[in-house]
Amino acid sequence: MRRRTRYSLWGIDEGLRDLSRLSSWVAHNYSYSEKAEQILDAAETLRSTLDEAIRSSYKKGKPPGQSKCRDVQRAAHDLRIVYEETMQSKLEEQDDEAENL
């Protein structure tokens, strides 16, 4: 019966949305391998947190609990912070290169 039952994943949709943007975020940093690695490391943390929340939800047959939702939201926030920091440093590097020309 559990396989036929569907349940909502409210509270973790933010993490799923951020993972769907990951390929674009890494593509923006393709030529900056160190920055791309930082993004991928943060994404791996988010992925494992999402896996844990979804697995727990599946086993219980209920939506994810508040603590799991908070964990996913925190990991998603951390990923966005890493991306924003890498983009900021990338822009600063490009500005420095433009000044040197």
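Taken over the stretch 70-101, the criterion of being farther than 17 Å from Trp25 by Cα and in contact with a helix residue (DSSP H, G or I) (Cβ under 7 Å, 6 or more places away or on another chain) is satisfied by Asp71, Val72, Gln73. Within the stretch 5-46, being in a helix (DSSP H, G or I), open to solvent by less than 90 Å² (accessible area, probe 1.4 Å) and more than 15 Å from Val82 (Cα to Cα) holds for Asp13, Glu14, Leu16, Ser20.
Hey, does the stretch 60-72 have a residue that's outside any helix (DSSP H, G or I) and free of Cβ contacts under 8 Å to residues at least 24 places away in the same chain?
Filtering the stretch 60-72 down to residues outside any helix (DSSP H, G or I) leaves 61-65.
Restricting the remaining residues to those that are free of Cβ contacts under 8 Å to residues at least 24 places away in the same chain gives 65.
Yes: one or more hits.
Scanning the stretch 82-101 for residues that are at pLDDT 90 or above and open to solvent by less than 60 Å² (accessible area, probe 1.4 Å) turns up Val82, Tyr83.
The values are calculated or read from the model by the stated rules, or taken from the named source; none is laboratory data. Remember, predicted model here, so these are calculated numbers, not experimental data. Here Cβ is always computed from backbone atoms with ideal geometry, including for glycine, and neighbour counts include all displayed protein chains. When the accessible area is computed, the model is the full protein with side chains, heavy atoms only, and any ligands, DNA or RNA have been set aside. Shrake-Rupley method; radii C 1.70, N 1.55, O 1.52, S 1.80 Å.
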